[in-house]
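Everything on this sheet refers to the single structure shown next.
The values are calculated or read from the model by the stated rules, or taken from the named source; none is laboratory data. This is a predicted model, so every value here is computed, not measured. Note that each Cβ is placed from the backbone with ideal geometry, even for glycine, and that neighbours are counted across all protein chains shown.
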Amino acid sequence: MRVTFRHYLAVTTVSTFLLILLGVYTGKIGAGLACEGRWPFCDGWLGLFPANWPSFVEWFHRLVAMIVGFMILGAAAVAWRYDHDRLLKYATTLAVVLLPVQILFGANTVLNFGLTASMMHQVAAQLIFASLVVATTVAYVRAGDGGSGGRPPERVTTGDDD
């Protein structure tokens, strides 16, 4: 089976949703607080290796976020490199622009800046997810109509009157 760009976008969008769920769990158990305000480090040996379950969850959330972040960067790069639909390019670019904002708000949740930082971290995640949903939808709609933008394909004649 050939993996197309729209399939890659769908996997990226689903991965982003799963990352959001992992982030909700991370916040619910207070895993960021296990780092005691030492972002980007945490507790454990040299601040790099988890010492307990909450710090493991925090590190795992960061690892998955890094992987998904690279997937989002790749989606935007492919969208621009191969000149995909304009809305698709802008949606993936918006997701990329929001990534550093998301990282900074995530750092602020660990540094214990309160509910506002946590809420903004979640808002940024939802905006990234929404932009990926738009990009994925556009990719599937454009693939379904042959890239014609919703117009019926023009009739091609060969000159034969069979």
> Quick one: how many residues across the range 138-162 are part of a loop (DSSP other than H, G, I, E, B) and either at pLDDT 90 or above or among the acidic types (Asp, Glu) (or both)?
Replying inline: 5
> Taking the range 70-97 as the search range and keeping residues that are free of Cβ contacts under 8 Å to residues at least 12 places away in the same chain and assigned to a helix (DSSP H, G or I), which one is farthest from Ala143 (Cα to Cα)?
Replying inline: Val97
>> Considering only the range 103-122, I want to know if a residue exists there that is in a helix (DSSP H, G or I) and closer than 16 Å to Thr12 by Cβ.
In response: no
> Only one residue in Ala125, Ala91, Ala135, Ala76 is touching a Leu at 6+ places or on another chain (Cβ under 6 Å), at pLDDT 90 or above, of a type in the set (A, V, I, L, M, F, W, C) and surrounded by 12 or more Cβ atoms within 10 Å (Cβ to Cβ). Which one?
Replying inline: Ala135
